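J.: One structure coming up, written as structure tokens, with questions to follow.
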Amino acid sequence: MSTATPSTAAPLLSAPAYFLMRRLHSLTGIVFGGYLVVHLIVNATIVQGGDIFQKQVDKIHSLPFLWAFEWGLIFLPILFHTVYGIWITLTGQPNVNHYPYARNWFYLCQRISAMIIVLFMAFHVLSLKYGLFGPTLKFNPHDARAAVETHMRAAWWIAWVVYPLGITASCFHLANGFWAAAITWGLTISAAAQRRWGYLCAGLFVVTMVLGFTALVTAAS
């Protein structure tokens, strides 16, 4: 998800291709954002105890054709959104030095948060799903709470540096991206509509931050 801002990306594509790519980028960002909200809600159930958290994890892993769901609605949309987002970042020109307006700063923060998310997701997926950084960091869906606690407590920097940065960047990128998506799809045309939607997106940021840090502190403490 990205904020609308002048970019040098447009001249590199034909107008129809650029329009399509931006809409796909926005759509995959919405899908990614929806998944993130569900992921944070499930993770936050860890505060209710290991049994409740385990039931939520079991529900997910009992879904039929889980692999197809993961690839079709999670991994591929995230991959496209990430690759095209990196291209936008490399070709865009933030102009906060010349025009230090709030939305220009939001654009810059969106780009920075995107790069943090890419690094965070690489660590998160490679360690939890594949155990690339050590078997103790790999997630065990049959003993979910113990696995998450072991992961978080393996090193102080995992729980108190990597995940706080990853959660904050993800929640900001989600809320700011949803604000921009409404403009992209023509849902908030007027300044008043954008302002009202901005308040809701700010609320979304607060709620997702609470969910993320609730799970983090519970697992790491």
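J.: Cut-off under 14 Å on the C-alpha distance; same-chain residues fewer than 8 positions from residue 55 excluded. Which aspartates and glutamates are left, in chain and number order?
T.: Partners found: 143.
J.: Residue 59: which aspartates and glutamates have alpha carbons under 13 Å from its alpha carbon, excluding same-chain residues fewer than 8 sequence positions away?
T.: Within the straight-line limit of under 13 Å, residue 59 reaches these aspartates and glutamates: 51.
J.: Okay, next question. Let me have the relative contact order for the range 96-191, percent, based on Cα pairs under 8 Å that are six or more residues apart. Mind showing how you got there, number by number?
T.: On the way: 61 pairs, mean separation 26.1, N = 96.
Relative contact order comes out at 27 percent.
J.: How much mean residue ellipticity at 222 nm does the chain get from its helices, if each DSSP H run of length 4 or more adds -39500 (n - 2.57) and you divide by all residues, to the nearest 500 deg cm²/dmol? It would help to have the intermediate numbers written out before the result.
T.: Details: 8 runs with 151 residues, N = 221.
Using -39500 (n - 2.57) per qualifying helix, the result is -23500 deg cm²/dmol.
J.: Report the gain in length on full extension from residue 193 to residue 48: 0.36 nm times residue separation, minus Cα-Cα distance, nm rounded to one decimal. Present the calculation step by step, with values, prior to reporting the outcome.
T.: Values: separation 145, 0.36 × 145 = 52.20 nm, distance 3.77 nm.
Once the chain is fully extended between residue 193 and residue 48, it gains 48.4 nm.
J.: Could I ask something else about it? What is the diffusion coefficient of the range 10-220 in µm²/s, taking the Kirkwood radius over Cα pairs and the Stokes-Einstein relation at 37 °C with a viscosity of 0.692 mPa s?
T.: Numbers: Rh = 18.6 Å.
After rounding, the answer is 177 µm²/s.
J.: Shifting gears a bit: Taking amide H positions as placed 1.01 Å from N in the peptide plane, with prolines and chain starts having none, which residues 5 or more places from residue 139, or on another chain, fall under 5 Å of its amide H?
T.: Here the answer is 129, 131, since their amide H atoms fall under 5 Å of that of residue 139.
J.: Using 0.36 nm times the number of residues separating residue 105 and residue 153, minus their current alpha carbon distance, what extension gain do you get? Before the final figure, lay out the partial values.
T.: On the way: separation 48, 0.36 × 48 = 17.28 nm, distance 3.50 nm.
Between residue 105 and residue 153, full extension yields an extra 13.8 nm.
J.: Can you figure out the FRET efficiency of residue 15 with residue 65, using R₀ = 41 Å and their beta-carbon distance, to the nearest 0.05? Before the final figure, lay out each step's value.
T.: Values: r = 38 Å, r/R0 = 0.93.
After rounding, the FRET efficiency stands at 0.60.
J.: Using a Förster radius of 35 Å, what is the FRET efficiency between residue 210 and residue 87 based on their Cβ-Cβ separation? Nearest 0.05, please. Walk me through the intermediate numbers first.
T.: On the way: r = 33 Å, r/R0 = 0.94.
Efficiency computed from Cβ-Cβ geometry: 0.60.
J.: Another one. Where nothing but the Cβ of Lys and Arg (+1) and of Asp and Glu (-1) is charged, how large is the charge dipole of the chain around its Cα centre, in debye to the nearest 20? Display every interim value, and only then the final one.
T.: Numbers: 12 positive and 5 negative charges, 85 e Å.
The dipole magnitude comes to about 400 debye.
Computed from the coordinates by the stated procedures, all read-outs in this text should not be read as laboratory data. The shown structure was predicted, so the numbers you read here are calculated from the model rather than taken from an experiment. Here the Cβ is made from the backbone with ideal geometry for all residues, glycine too, and neighbour counts use every protein chain on show.
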